[in-house]
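The values are calculated or read from the model by the stated rules, or taken from the named source; none is laboratory data. Given the structure is predicted, the values throughout are model-derived calculations rather than measurements. When we count neighbours, we look across all protein chains shown, and the Cβ atoms used for this are built from the backbone with ideal geometry, even at glycine. Ligands, DNA and RNA are stripped out before the accessible areas are found, and what is left, the full protein with its side chains, is counted by its heavy atoms. Shrake-Rupley method; radii C 1.70, N 1.55, O 1.52, S 1.80 Å.
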Amino acid sequence: MKKQILVSGGAGYIGSHVTVELINAGYDVIVADNMSNCDMTCYEGVKKITGKQDIPFVEMDFCDYGAVEKLFTDYKIDAVIHFAAFKAVGESVVKPIMYYKNNLLSFLNLLEAIQKYGACNVLFSSSATVYGETKDLPVTESTQRLPSTSPYGNTKQICEDILRDTVYAHPDIKGIALRYFNPIGAHPSALIGELPRGVPNNLVPYITQTAIGKRKCLNIFGNDYPTPDGTCLRDYIDVVDLAKAHVAAVTRMIEGRMKEDYEIFNVGTGCPISVLELVTTFEKVNNLSLNYQCVERRPGDVMAIWADTTLANQELGWKAERTIEETLKSAWQWEQYISQKENK
Ligand code: UFG
């Protein structure tokens, strides 16, 4: 019997890529999503890519405990990958209560149901944001977490702690937190990718929307940082590589190969790239010219952060494989696909 994985937020950007890789690896997947930040595009894309038409899809909200319980009575679930959360840093500063309520309650409901319905493995989607403005670069999993600069980041720290404490109290629950660096790009089929609502906050969707003409000009936030070219440094991880890290982590849990009941892994490339380098690489690989200007620093941005990926490489047997060129090509192909679809 195939192992069944529940993917909360499975119709979203990262959730849909993870669903594809889980199915490719031989798992059955149940997708659950409240559709608050996506439409059916990626779910339909997943079915096309995998050729699997019968992927269970449950439209529900993890803040509704009854709906969460129903998942566990309807399905035998071996592991949960939890993505369902709000994720806009700036919005979280303006609407902290909404962020705390949604991101914490949904996770607590999930863990409460797991505790009631028995043994389960939990993979939590965390973020490099938990390291804050660290000077300790590259960051390892034991680099101290610094106080968060946003309610969003704080929810990631709190959820990590909730998972750790739950695992220690309940020996039949195992947990892994994956700390993502900057996920970018799209599936090589261009059938799934990032679908930001409104004006994108993140760099790559802003770049692709500028290239296609939806935005007039990309603002590069700050070119006076003490970095080689004055712009911020980040560790951009391809979304398909990131998805494969989830498969490796879930398999480690299911096969009982964990060294501790709660583990943390950085998921990045280990290679810092500047904003300007990313922009010029995008121009080069896609053979186009982007309208951009350098403007003031964006409040709250850390100057530089990138991962030490040794632990994930050794323990998960995983490493980032796609080149930044391939990734930026895929981001552009996805933007073209989605724009064509919108204009139909
Ligand atoms: N940037 C621009 N112009 C833009 C958008 C971004 O210059 O229009 C710059 C930012 O200043 C930053 C870099 O591009 O230097 C990356 O910015 P993103 O907004 O794409 O990503 P962040 O590194 O700010 O944040 C991301 C995720 C967060 C997560 C964080 C962890 O969006 O969810 O990484 O470090 F918390």
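To the nearest 10 degrees, how steep is helix 324-343 against the longest Cα principal axis of the chain, on a 0 to 90 scale?
Value to nearest ten degrees: 90.
Considering only Leu22, Ala312, Asn37, whose Cα is most displaced toward the positive end of the charge dipole of the chain, charges sitting on Cβ of Lys, Arg (+1) and Asp, Glu (-1)?
Projecting each Cα onto the dipole axis, the largest value belongs to Asn37.
Give the accessible surface of region 51-139 per residue, rounded to a whole number of Å², with probe radius 1.4 Å and ligands, DNA and RNA excluded. Working shown, then result.
Details: 4060 Å² over 89 residues.
Value returned for region 51-139: 46 Å² of accessible area per residue.
Quick check on the chain: helices-only [θ] at 222 nm, where DSSP H runs of length 4 and up contribute -39,500 (n - 2.57) each and the sum goes over total residues. Nearest 500, please. Intermediate results must be reported in sequence, preceding the final value.
On the way: 10 runs with 137 residues, N = 344.
So the helix-based figure for the chain works out to -13000 deg cm²/dmol.
Within region 187-289, list the GluC sites (Glu not before Pro) lying in a DSSP loop whose Cβ has at most 15 other Cβ atoms in a 10 Å radius.
Working: sites: Glu194, Glu255, Glu260, Glu263, Glu277, Glu283; in loops: Glu194, Glu255, Glu260.
Answer by residue number: Glu255, Glu260.
Using a Gaussian network model of the chain with C-alpha springs under 10 Å, which one of Asp229, Asp39, Asp74 is most mobile by mean-square fluctuation?
Highest fluctuation among the options: Asp74.
State the dimensionless ratio Rg/Rh of the chain (Rg: radius of gyration of Cα atoms; Rh: Kirkwood radius).
0.95
Would you calculate the volume per residue, in Å³, of the smallest convex hull containing every Cα atom of region 138-199? Mind dumping the intermediate values first?
Working: hull volume 11.3 nm³, N = 62.
Dividing the Cα hull volume of region 138-199 by its residues yields 182 Å³.
Taking the Cα centre as origin and putting +1 on Lys and Arg beta-carbons and -1 on Asp and Glu beta-carbons, what dipole magnitude results for region 215-312, to the nearest 20 debye? Present the calculation step by step, with values, prior to reporting the outcome.
Values: 10 positive and 14 negative charges, 63 e Å.
The dipole of region 215-312 has a size of about 300 debye.
Please work out the ratio of the alpha-carbon Rg of region 64-108 to 2.2 N^0.38 Å and round it to two decimals. Before the final figure, lay out each step's value.
On the way: Rg = 13.1 Å, N = 45, 2.2 N^0.38 = 9.3 Å.
Against the compact-globule rule of thumb, the ratio is 1.41.
log10 I(q)/I(0), Debye, Cα-only region 61-141, no solvent, q = 0.16 Å⁻¹?
Log-scaled intensity ratios, in q order: -0.72.
Run the dipole for region 13-167 about the Cα centre, Lys and Arg Cβ at +1, Asp and Glu Cβ at -1, nothing else charged, and hand back the magnitude in debye, nearest 20.
Working: 13 positive and 20 negative charges, 40 e Å.
Once rounded to the nearest 20, the dipole reads 200 debye.
With +1 on the Cβ of every Lys and Arg and -1 on the Cβ of every Asp and Glu, and nothing else charged, how large is the dipole of the chain about its Cα centre, in debye rounded to the nearest 20? Walk me through the numbers on the way to the answer.
Values: 34 positive and 42 negative charges, 105 e Å.
With only Lys, Arg, Asp and Glu charged at Cβ, the dipole is about 500 debye.
Give the Cα extents of region 73-211 along the principal axes, in whole Å, largest first.
49, 39, 31
Quick one: helix 239-254 against the long Cα principal axis of the chain, what's the angle to the nearest 10°, folded into 0 to 90?
Around 20 degrees separate the two axes.
Based on alpha-carbon centroids, what's the gap between region 282-316 and region 11-27 in Å, whole number please?
24
Whole-Å semi-axes of region 183-300's equivalent ellipsoid, largest first, each the root of 5 times a Cα gyration tensor eigenvalue? Don't jump to the answer; show the numbers that get you there.
Details: eigenvalues 198, 69, 31 Å².
They are 31, 19, 13 Å, listed largest first.
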